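The values are calculated or read from the model by the stated rules, or taken from the named source; none is laboratory data. On a predicted model such as this, the values are computed, not experimentally measured, just so you know. Positions of Cβ are generated from backbone atoms using ideal geometry, with glycine treated the same way; all protein chains shown enter the neighbour counts. Note: areas computed on protein heavy atoms with side chains; ligands, DNA, RNA excluded. Shrake-Rupley method; radii C 1.70, N 1.55, O 1.52, S 1.80 Å.
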Amino acid sequence: DNDVDPVFSPDAKTILFTSTRGGKPGVWRMAADGSKPERLCDGDQAEWSPDSTKIVFRRSERIFTRDLAGGNEHGLTPEDWPHCSGPAWSPDAKSIAFAARWDAGNAVYLVPADGGTPVKVYDKQGACEPHWSPDGTRLVYETETHICTVNPDGTKNRLITYFGGVQRYARFSPDGKTLVFCQGVSEQGPWELYVIPATGGT
């Protein structure tokens, strides 16, 4: 069995993760000490809502939310949208960022957390894997080779990494001042961890 994509709940008491336990990928949760593992639903790439009462996740290349108390689910992306992935809940709980892949390339979108029409944020250079800054004013995302930031309304798009190799999987520090990311000499790695100011630099 494979256990991947771990993420702490906001109160740090519970961990969401994806597992193939039982033979089918599913979203699981467990206590922070590893006890009480519980399968929640089919899917993967799960993230918490800011209040820990809901999750957002991917299933069959669509984005869903799930109420953890009642188990009610709501589809956020249209059924005919292909290859949606990487959902991330905004700190104010109002929006969810995600990526969608089309024949023409990738794009980052926002959709209201309670449902609505997805709105494109940015669609150049293979934009994907969005994650929020702690204050909700910026998104960090990756292109084919580099890390960038952009405002949620699509303005102030900024290239953060501009050097050689491939940069992936960027996340903001808790104070929003720094980004941590993976860098490899190619898409096959080998990978190393780096930090960089969130405004760019060295």
Handout entry: region 154-167 - residue that is without any contact (Cβ under 8 Å) to a residue 40 or more places away in the chain, in a loop (DSSP other than H, G, I, E, B) and in contact with a His (Cβ under 8 Å, 6 or more places away or on another chain) and, of those, least open to solvent (accessible area, probe 1.4 Å)
Key = T161
Practice task
Sort through G22, G71 and tell me the only one that's in contact with a Leu (Cβ under 9 Å, 6 or more places away or on another chain), surrounded by fewer than 13 Cβ atoms within 10 Å (Cβ to Cβ), among the small types (G, A, S) and at positive phi.
Solution key: G71
Exercise for the section: Scan region 174-192 and report the pairs whose first residue is in contact (Cβ under 8 Å) with a residue 24 or more places away in the chain and whose second residue is among the acidic types (D, E) and loosely packed, with under 13 Cβ neighbours inside 10 Å, with Cβ atoms within less than 6 Å and a gap of 6+ or a chain change. Expected result: G176/D135
Handout entry: region 182-202: number of residues that are closer than 16 Å to R158 by Cα and open to solvent by 90 Å² or more (accessible area, probe 1.4 Å)
Key = 1
Practice task
Could you tell me whether region 146-153 includes any residue that is surrounded by fewer than 16 Cβ atoms within 10 Å (Cβ to Cβ) and modelled with pLDDT under 95?
Solution key: no
Handout entry: Filter result (open to solvent by 60 Å² or more (accessible area, probe 1.4 Å) and not basic (K, R)) within region 25-41
Key = P25, D33, P37, E38
Completion exercise
Scanning region 168-181 for residues that are in a strand (DSSP E or B) and modelled with pLDDT of 95 or more, the one most open to solvent (accessible area, probe 1.4 Å) turns out to be R171
Practice task
Hand me the list of strands (runs of 3 or more DSSP E) wholly inside region 28-122 holding 1 or more residues that are without any contact (Cβ under 8 Å) to a residue 12 or more places away in the chain and under 18 Å from the mean Cα position of the chain (by Cα).
Solution key: 119-122
Exercise for the section: Output the number of residues of region 102-117 satisfying the condition of being surrounded by 17 or more Cβ atoms within 10 Å (Cβ to Cβ) and either among the charged types (D, E, K, R) or modelled with pLDDT of 95 or more (or both). Expected result: 5
Fill in the blank from the handout: Of the conditions (1) touching a strand residue (DSSP E or B) at 6+ places or on another chain (Cβ under 7 Å); (2) open to solvent by less than 30 Å² (accessible area, probe 1.4 Å); (3) at positive phi, the single one that S90 does not satisfy is (3)
Handout entry: Selection status of A198, within 19 Å of S85 (Cβ to Cβ) and touching a residue at least 60 places away in the same chain (Cβ under 8 Å)
Key = no
